[in-house]
1. Looking at segment B:239-251, is at least one residue within 15 Å of the chain's Cα centre (by Cα) and charged (D, E, K, R)?
2. Only one of (1) more than 26 Å from B:L69 (Cβ to Cβ); (2) of a type outside the set (S, T, N, Q); (3) modelled with pLDDT of 95 or more; (4) not in a helix (DSSP H, G or I) fails for B:I153. Which number is that?
3. Can you name every one of the helices (runs of 4 or more DSSP H) wholly within segment B:49-135 that holds 2 or more residues which are more than 11 Å from chain A (Cβ to nearest Cβ), modelled with pLDDT of 95 or more and surrounded by fewer than 17 Cβ atoms within 10 Å (Cβ to Cβ)?
4. Which of (1) surrounded by fewer than 16 Cβ atoms within 10 Å (Cβ to Cβ); (2) among the small types (G, A, S); (3) in a loop (DSSP other than H, G, I, E, B) does B:S10 not meet, given it meets every other one?
5. Restricting attention to segment A:11-66, report how many residues are buried (at least 16 other Cβ atoms within 10 Å of the Cβ), in contact (Cβ under 8 Å) with a residue 40 or more places away in the chain and of a type in the set (S, T, N, Q).
6. Where residues in segment B:182-225 are within 19 Å of B:L70 (Cα to Cα) and among the charged types (D, E, K, R), which of them is modelled with the lowest pLDDT?
7. Would you check which residues across segment B:1-12 are among the small types (G, A, S) and either under 22 Å from B:L93 (Cα atoms) or touching a Cys at 6+ places or on another chain (Cβ under 8 Å) (or both) and list them?
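The values are calculated or read from the model by the stated rules, or taken from the named source; none is laboratory data. Computed from a prediction, not measured in an experiment: that's the story for all the values here. Here the Cβ positions follow ideal geometry from the backbone for every residue, glycine too, while neighbour counts run over all protein chains shown.
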Amino acid sequence: MQLIINGQQQSYNGPINVQQLVEHLSLQNKRIAIERNGEIIPRSSFSEQLLNEGDQLEIIVAVGGG
Amino acid sequence: MDTFVIAGKSYSSRLLLGTGKYKDFAETRMAVDASGAQIITVAIRRTNIGQNSGEPNLLDVLPPSQFTLLPNTAGCYTAADAVRTLRLARELLDGHALVKLEVLGDQKTLFPDVIATIDAAKILVKEGFQVMVYTSDDPIVARQLEDIGCAAIMPLASLIGSGMGILNPWNLQIILDKIKVPVIVDAGVGTASDAAIAMELGCDGVLMNTAVANARNPVLMASAMRKAIEAGREAWLAGRMPKKIYQATPSSPSEGMITQSPHSAANN
């Protein structure tokens, strides 16, 4: 299954949910937020959200800025 | 105690500090502590994926339990991008609604696109955000943003990161006369006296980043800015004396002099 994560194409052996993806990326204890195809995925529903072929994900953090 | 209120929460520090451009997170934290800032801006960016899993996180250094974090939309050139960024920020910060909106219009000057800013502000206010909005020093735009329901109006003093100081105090004065919500100078402050001047004009606070981060000693500059803002605020509250060109008045008594004044000596 092909996903586009932060603009990069990534291959996964599906099916995979958002929580599993987060763990695969070693982001499970990080302060992040995720958007899928333009819609925010609430953190509480990560493990219920199954990813689909071609999904575009944005995974963001807070960084220094003014 | 002299406090100011933004979106229902009261703050004793009138210095709002950005967290960009420091050498590392340790210096960021030391500068924040030296500044006394309670409201700290952060940017929202893509995380690194597949690498740097042990990378430190800004929110571990500046935890939301200790500071009011103000996520910004720096780098956004459309209303849609700014709104999208702040929706993500609200999810990241567990429903936190206080945000800094900026929609830029030009890469060279980073001047705000005020039309797009107004469009974004309308959407964000409707969605329940408390919007502190970066804008030009145009008093009419400031009033329109206040009418939309923004929580604070944040006019520039000069271009972002320029350190040029307050180029148009008269426009700021007009904005301060008209606007009821807090007015915070955002961008352009270069050194402590600039921050003091903003406060002496009657601004409710100053938001700065580069003036501190790009100082030779950022932590010492953070401390200087804290004092400048306190001094400027106190001077504003105290009410300065009127300026009197060609109306010199001595501070010491005119009577009892052991010498005659030049005027009476010339007449003798």
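1. Taking segment B:239-251 first, the residues within 15 Å of the chain's Cα centre (by Cα) are none.
Taking every residue of segment B:239-251 in turn, none turns out to be within 15 Å of the chain's Cα centre (by Cα) and charged (D, E, K, R).
2. (1)
3. Details: elements: B:58-61, B:79-92, B:114-126.
Per the criteria, B:114-126.
4. (3)
5. 0
6. B:D186
7. From segment B:1-12, those among the small types (G, A, S) are B:7-8, B:10, B:12; that's our starting set.
Correct list: B:A7, B:G8, B:S10.
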